[in-house]
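What follows is a single structure, written as structure tokens, with notes after it.
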Amino acid sequence: MSEEFQIELDGILIEVLRKRIRHINLKVSSPDGTVRISAPFRASLKSIRDFAVSKLGWIKKHQKRMKERMDSVPPEYFNRNNYMVLGELYPLKLMDSDSRPFVVLENGSLVLHAKAETSEEEREFIIEKWYRAQLKKELIPLVEKWERTMGVKVRKVFIRRMKTKWGSCNYIDRNIRISTELAKRPLKCLEYVVVHELAHLLERTHNSRFIEIMNRYLPGWREQNEELNRFPMR
Ligand SMILES: [Zn+2]
């Protein structure tokens with residue numbers, strides 16, 4: 001059970017969701033800066049409003065940052081017919097073909113050779129598989145390079161469809177997971193995520209020692225992190 005309504009505060013529309021939780025919390029969602037509050041059923045409208053007021057400065061700061069980030073993204077990025085590969089946008093071209101479907105980058109386009117009747121869902125699936133193969137090709141040499149440089153050893157590298165994380169590391173099993181989304185981003189960003197996950201084999205948490213390790217091996221990591229989050233996942 002839940003209850004939804006909206007409140008307005010200083011020109012900002014806030015979506016409120018009352019549900020079975022203990023504390024009020026607030027989130028500014030990427031990429032559009034939508035503000036959402038989750039609140040327990042017992043929270044009064046006044047307490048929700050007071051909470052929002054107390055966070056107003058924070059909300060505005062985050063919305064401004066998100067807007068600046070969005071403004072720096074070329075509008076073509078939001079065209080569903082454009083696909084990003086290693087940081088470059090390519091329009092999708094469909095080529096009618098009776099052979100097994102395949103994808104290739106050709107003359108500035110991402111060309112999908114497939115039967116004309118291939119459904120949109122199937123097309124997405126084929127392209128996703130292609131992304132994964134592209135990523136794997138780039139990822140494996142990078143992992144090997146950084147294993148040598150950092151003196152660590154990964155047991156297994158998984159490429160996973162993840163929409164909320166770029167990568168993760170299981171310190172105990174010594175496995176790393178890399179998001180297929182990284183096939184869309186510049187190679188430098190993939191390298192940054194690899195170094196970040198390998199650094200977790202040396203230091204489990206994001207503490208000052210972790211930052212030191214990152215600074216030592218990849219002094220430009222903060223820029224790569226910025227670049228990585230410049231384009232919203234879609
Ligand atoms: Zn981490």
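Quick notes on this one:
- Selection within the stretch 27-46: residues that are hydroxyl-bearing (S, T, Y) and loosely packed, with under 15 Cβ neighbours inside 10 Å. The member of this set that is modelled with the highest pLDDT is S44.
- Screening the candidates E203, E226 for the property of being touching a Lys or Arg at 6+ places or on another chain (Cβ under 7 Å) and more than 18 Å from I178 (Cβ to Cβ) yields one hit, E203.
- Residue within the stretch 157-174 that is in contact with a Cys (Cβ under 7 Å, 6 or more places away or on another chain) and within 15 Å of the ligand (Cβ to nearest atom) present: no
- Flag for R49 being free of Cβ contacts under 8 Å to residues at least 12 places away in the same chain, surrounded by 13 or more Cβ atoms within 10 Å (Cβ to Cβ) and outside the structural domain of T180 (by TED's automatic domain parsing): no
- Residue list for the stretch 107-136, restricted to those being among the hydroxyl-bearing types (S, T, Y) and modelled with pLDDT of 95 or more: S109, Y131
- Close pairs from the stretch 204-233: first of a type in the set (D, E, K, R), partner away from the ligand (no atom under 11 Å from the Cβ), Cβ under 8 Å, at least 6 apart: E227/R185; E227/P186; E227/K188; E227/C189; R230/R69; R230/S72; R230/V73
- No other residue among V157, V152 is more than 17 Å from the chain's Cα centre (by Cα), assigned to a strand (DSSP E or B), surrounded by fewer than 19 Cβ atoms within 10 Å (Cβ to Cβ) and of a type in the set (V, I, T) apart from V157.
- Subset of the stretch 160-181 [in contact with a strand residue (DSSP E or B) (Cβ under 8 Å, 6 or more places away or on another chain), touching a residue at least 24 places away in the same chain (Cβ under 8 Å) and closer than 19 Å to N229 by Cα]: R161, K163, W166, G167, S168, I178, T180
- 1 or more residues surrounded by 20 or more Cβ atoms within 10 Å (Cβ to Cβ) and out of contact with any helix residue (DSSP H, G or I) (no Cβ under 8 Å at 6 or more places or on another chain): qualifying helices (runs of 4 or more DSSP H) within the stretch 161-228: 187-202
- Matching entry among R100, R132 (being surrounded by 14 or more Cβ atoms within 10 Å (Cβ to Cβ), among the charged types (D, E, K, R), out of contact with any Leu (no Cβ under 9 Å at 6 or more places or on another chain) and assigned by TED's automatic domain parsing to the domain that holds S168): R132
- Taking (1) among the β-branched types (V, I, T); (2) more than 19 Å from P219 (Cα to Cα); (3) within 14 Å of the ligand (Cβ to nearest atom) in turn, T180 satisfies each apart from (3).
- For the stretch 66-87, the set of residues classified as surrounded by 13 or more Cβ atoms within 10 Å (Cβ to Cβ) and in contact with a strand residue (DSSP E or B) (Cβ under 9 Å, 6 or more places away or on another chain) consists of M66, Y77, N82, Y83, M84, V85, listed by residue number.
- Hey, V35 closer than 30 Å to H113 by Cα and either touching a residue at least 24 places away in the same chain (Cβ under 8 Å) or outside the structural domain of R123 (by TED's automatic domain parsing) (or both) or not: no
The values are calculated or read from the model by the stated rules, or taken from the named source; none is laboratory data. This structure is a prediction, so every number in the text was calculated from the model and none was measured. Methodologically, a virtual Cβ is constructed for each residue, glycine included, from the backbone with ideal geometry; neighbour enumeration extends over all protein chains shown.
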